[in-house]
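First the structure, in the form of structure tokens, and then the observations on it.
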Ligand SMILES: NC(=O)c1ccc[n+]([C@@H]2O[C@H](COP(=O)([O-])OP(=O)(O)OC[C@H]3O[C@@H](n4cnc5c(N)ncnc54)[C@H](OP(=O)(O)O)[C@@H]3O)[C@@H](O)[C@H]2O)c1
């Protein structure tokens, strides 16, 4: 007998929901059943676009026996309450990054999910990306690691509105916006995934008029090794990320989704690896979520990484307040 398809409902109707729905359409065993929104017309329009069977409010999807799981793609400040409610309704949950804003909130969700016997996963695409598997496999060629420099710096298309004094969700402190939560999280997560939790860190942030951090830098200390992270939503980087060891250096085009990874030997030799991956970078997280549900698999390692990253986010916030 074949496994029944996982029936997913979404909440939040911005572009990322469309990208996620497209990723779902590329994964076996899972489909978009319903779309929810705070607005009925937006829900209906997004449902038509995503090929969902119906639309409604978040209450409707949580109450429906036709929904097995929810995808939460609302502003960061809404994730915790929405995830708590979904778990209480017995739904599996995949929640956009950063999953929540504190390690304690995450620990609470993890415990509730365990009690309810549902899967809880952060939609952290980097973790499941084949490019990151390649980076991991090449670390052994670098010799003793000494320095890494990871960056995600891309000016937001909405920054002009911030400069014009308009309110923009992603730059709104009340909605847990800002560069650390939006892009710094990729750098921190990649760092913890590749090198583990650092012994200590220093950080500085650049505030913008809306009251959030527009950019920031973290310096993380490991035994005999240092990592610097740079993230920005108000300027863009023109250089790659790097991991340097005593035998060679990896040059990585995009730390959130590596597609070109070059190994530069200490003798100057160069070997470039191109990563073959679906154009939609969310496919791998959807596959992981579907597999965990179908197999009753253990998400605790994934959840631990999310918790460790959230603890570091809190530490960066503490040592680098936005001024
Ligand atoms: N993985 C990725 O590559 C990626 C890319 C972009 C964003 N994201 C993540 O996706 C999430 C959404 O980001 P976004 O920039 O798309 O956010 P957004 O545009 O501010 O909000 C997304 C949706 O949430 C709903 N919403 C707005 N305010 C809300 C509130 N106060 N309470 C509940 N729902 C609200 C809205 O839908 P309705 O009004 O229709 O309910 C809106 O379309 C964030 O966590 C972000 O980090 C991930």
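Equivalent-ellipsoid semi-axes (√(5λ), Cα gyration tensor) for the chain, whole Å, largest first? It would help to have the intermediate numbers written out before the result.
Values: eigenvalues 217, 110, 69 Å².
Taking √(5λ) for each Cα gyration eigenvalue gives 33, 23, 19 Å.
Per residue of the chain, what 222 nm ellipticity follows from adding -39500 (n - 2.57) for every DSSP H run with n ≥ 4, rounded to the nearest 500? Spell out each step's value before the answer.
Numbers: 11 runs with 114 residues, N = 323.
That calculation yields -10500 deg cm²/dmol at 222 nm.
Rounded to the nearest 5, what % of DSSP beta bridges with both residues in the chain are antiparallel? All intermediate terms of the calculation are to be shown ahead of the outcome.
Details: 34 of 62 bridges.
If we restrict to bridges inside the chain, about 55 percent are antiparallel.
Quick one: what does P(r) look like for region 192-261 with 10 Å bins over all Cα pairs, in whole %?
16, 43, 34, 7, 0
Could you state the principal axis extents of the C-alpha atoms in region 127-277, from the largest down, to the nearest angstrom?
So the three principal-axis extents are 51, 34, 26 Å.
So what's Rg/Rh here for region 42-88, counting alpha carbon atoms and using the Kirkwood radius for Rh?
0.96
With an 8 Å cut-off on Cα pairs and a minimum separation of 6 or more residues, tell me the relative contact order of the chain in percent. Let's see the in-between values first.
Numbers: 701 pairs, mean separation 61.2, N = 323.
Answer for the chain is 19 percent.
Taking 2.2 N^0.38 Å as the expected size of a compact globular protein, what ratio does the Cα radius of gyration of region 1-64 give against it, to two decimals? Provide the component values of the computation, followed by the final result.
On the way: Rg = 11.5 Å, N = 64, 2.2 N^0.38 = 10.7 Å.
Normalised by 2.2 N^0.38 Å, the Cα Rg of region 1-64 equals 1.07.
When DSSP beta bridges are limited to those with both residues in region 127-277, what percentage is antiparallel, rounded to the nearest 5? Could you put the intermediate results ahead of the total?
Numbers: 34 of 41 bridges.
Here the antiparallel bridges make up roughly 85 percent for region 127-277.
Within the P(r) computed for region 61-169, what percentage of the Cα pairs occupies the region above 22 Å? The partial results should precede the final answer.
Working: 3094 of 5886 pairs.
Summing the P(r) tail past 22 Å for region 61-169 gives 53 percent.
If packing is taken as the average number of other Cβ atoms within 10 Å across a peptide's residues, how do 192-199, 10-17 rank, most packed first?
On the way: 192-199: 15.8, 10-17: 20.2.
Ranking, from highest mean packing down: 10-17, 192-199.
If only Cα atoms are counted, what is the Rg of region 236-323, and what is its Dmax, in Å?
Using the Cα atoms of region 236-323, the pair Rg, Dmax is 17.8, 48 Å.
In degrees from 0 to 90, rounded to the nearest 10, what is the angle of the helix 103-116 Cα long axis to the longest principal axis of the chain?
Taking Cα atoms only, the helix is inclined about 40 degrees.
Read-outs throughout are calculated quantities, based only on the coordinates presented, and are distinct from any laboratory measurement. Since the structure is predicted, the reported quantities are computational estimates derived from the model, not experimental observations. Cβ atoms come from the backbone with ideal geometry, glycine included; neighbour counts cover every protein chain shown.
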